[in-house]
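The next block holds one structure in the form of structure tokens; read it before the comments.
The values are calculated or read from the model by the stated rules, or taken from the named source; none is laboratory data. Computed from a predicted structure; not experimentally measured. Here the Cβ positions follow ideal geometry from the backbone for every residue, glycine too, while neighbour counts run over all protein chains shown. What goes into the accessible areas is simple: the full protein's heavy atoms, side chains included, and nothing from ligands, DNA or RNA. Shrake-Rupley method; radii C 1.70, N 1.55, O 1.52, S 1.80 Å.
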Amino acid sequence: MEKILNCALCRKSVPENNTGITLLGSYICEACENKIASLAWDDPDYDLYKSGLKKIWRCNEA
């Protein structure tokens, strides 16, 4: 049975064999990964992705 992963940023569900990255135990889909890689600081989505990555980082601190 194929496991379903949920992107920590956009919350879309994708099959486990889909490409993407795991960051500190949280899955980030390929679409979000590509968006992050191409973001400029003045992009309207910059703060959205930055806050999402901060949430991943903070949940794994301790």
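Hey, can you tell me all the residues within the range 31-46 that are open to solvent by less than 50 Å² (accessible area, probe 1.4 Å) and in a loop (DSSP other than H, G, I, E, B)?
Within the range 31-46, LEU39, ALA40, ASP43 qualify.
Take the residues of the range 16-30 that are part of a strand (DSSP E or B) and hydroxyl-bearing (Ser, Thr, Tyr): which is surrounded by the fewest Cβ atoms within 10 Å (Cβ to Cβ)?
Taking the candidates together, the pick is THR22.
Taking the options ARG58, ARG11, name whichever one is open to solvent by 40 Å² or more (accessible area, probe 1.4 Å) and part of a loop (DSSP other than H, G, I, E, B).
None of the other options fit; the residue is ARG11.
Could we say that TYR49 is aromatic (Phe, Trp, Tyr), in a helix (DSSP H, G or I) and surrounded by 14 or more Cβ atoms within 10 Å (Cβ to Cβ) here?
yes
Write out, first by first residue and then by second, each pair whose Cβ atoms fall under 6 Å of each other, whose residues are 6+ apart or on separate chains, and whose first residue, in the range 36-52, is more than 16 Å from LEU23 (Cβ to Cβ) while the second is open to solvent by less than 80 Å² (accessible area, probe 1.4 Å) and of a type in the set (A, V, I, L, M).
TYR46/LEU39
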